[in-house]
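Visitor: Would you mind keeping the following structure in view while I ask a few things?
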């Protein structure tokens, strides 16, 4: 009698463990003041992204304001909304101080693996995205547990550009590449420092 009961308990526990959904917030640090330093493929650009502010709403969703400062160019702001285990871009402030409220469907910044969807970006382009699990290696760095968001700008059934964003668990965005019309993949951002 003990064996069937133990088997049932084990199966219930196993089913619970395997059906628990991944939390995207494990891949998107949100402590105010956290900063990341990035460079590009040629390492001739330095970009600092910082979490400036955070707010919680009554529906248990969150909003985070990130600043993005590229040396020699200036700063922009991005407002991210976190709800239902998904992170969206909802508003931006450009280099000239102009605010842009983004309309639904919002660009998806991060989602759980095996999700797909579409949205219209700020330039009016139709974008599709797909989320997968992967590892990420570049330079002397290795991140074995990443969520990768693959975004494609599509016009007339032709992919014009593909962006791959790698988010490492406990760190956030670590690597980003762009594939343009030349089909060459170039490094847009790679993490050099987090503090």
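Visitor: Can you go through 127, 136 and tell me which one is in contact with a strand residue (DSSP E or B) (Cβ under 8 Å, 6 or more places away or on another chain) and over 27 Å from residue 31 (Cβ atoms)?
Guide: Numbers: 136 fails: over 27 Å from residue 31 (Cβ atoms).
Just a single option satisfies the conditions, and that option is 127.
Visitor: Same structure, new question: State the number of residues belonging to the stretch 137-168 that are within 17 Å of residue 37 (Cα to Cα) and outside any strand (DSSP E or B).
Guide: So the count comes out to 2.
Visitor: Can you pull out the residues in the stretch 107-154 that are in contact with a helix residue (DSSP H, G or I) (Cβ under 7 Å, 6 or more places away or on another chain) and either under 19 Å from residue 180 (Cβ atoms) or exposed (fewer than 15 other Cβ atoms within 10 Å of the Cβ) (or both)? Break it down stepwise before answering.
Guide: Of all residues in the stretch 107-154, those in contact with a helix residue (DSSP H, G or I) (Cβ under 7 Å, 6 or more places away or on another chain) come to 110-112, 147.
Within the stretch 107-154, no residue meets the criteria.
Visitor: Can you say whether residue 193 is farther than 13 Å from residue 28 by Cα, in contact with a strand residue (DSSP E or B) (Cβ under 6 Å, 6 or more places away or on another chain), in contact (Cβ under 8 Å) with a residue 40 or more places away in the chain and not in a loop (DSSP other than H, G, I, E, B), as far as the supplied structure shows?
Guide: On the way: farther than 13 Å from residue 28 by Cα: yes; in contact with a strand residue (DSSP E or B) (Cβ under 6 Å, 6 or more places away or on another chain): yes; in contact (Cβ under 8 Å) with a residue 40 or more places away in the chain: yes; not in a loop (DSSP other than H, G, I, E, B): yes.
Yes; evaluated as a whole, the condition is true for this residue.
Visitor: To continue, here is another question. When residues of the stretch 85-99 are filtered for being surrounded by 12 or more Cβ atoms within 10 Å (Cβ to Cβ) and either free of Cβ contacts under 8 Å to residues at least 60 places away in the same chain or under 23 Å from residue 160 (Cβ atoms) (or both), how many remain?
Guide: Taking the stretch 85-99 as the starting set, the residues that turn out to be surrounded by 12 or more Cβ atoms within 10 Å (Cβ to Cβ) are 85-94.
Okay, now just the ones that are also either free of Cβ contacts under 8 Å to residues at least 60 places away in the same chain or under 23 Å from residue 160 (Cβ atoms) (or both), so 88-94.
Counting residues in the stretch 85-99 that are surrounded by 12 or more Cβ atoms within 10 Å (Cβ to Cβ) and either free of Cβ contacts under 8 Å to residues at least 60 places away in the same chain or under 23 Å from residue 160 (Cβ atoms) (or both) gives 7.
Visitor: Restrict the check to the stretch 81-93 and report whether at least one residue is closer than 18 Å to residue 173 by Cβ, within 18 Å of the chain's Cα centre (by Cα) and not in a strand (DSSP E or B).
Guide: Checked against the condition, which is being closer than 18 Å to residue 173 by Cβ, within 18 Å of the chain's Cα centre (by Cα) and not in a strand (DSSP E or B), the stretch 81-93 yields at least one hit.
Every number here is computed from the coordinates shown, using simple stated rules; none is lab data. Quick caveat: nothing in here was measured; it's all calculated off a predicted structure. Using ideal geometry, Cβ is built from the backbone for each residue, glycine included, and neighbour counts are taken over all protein chains shown.
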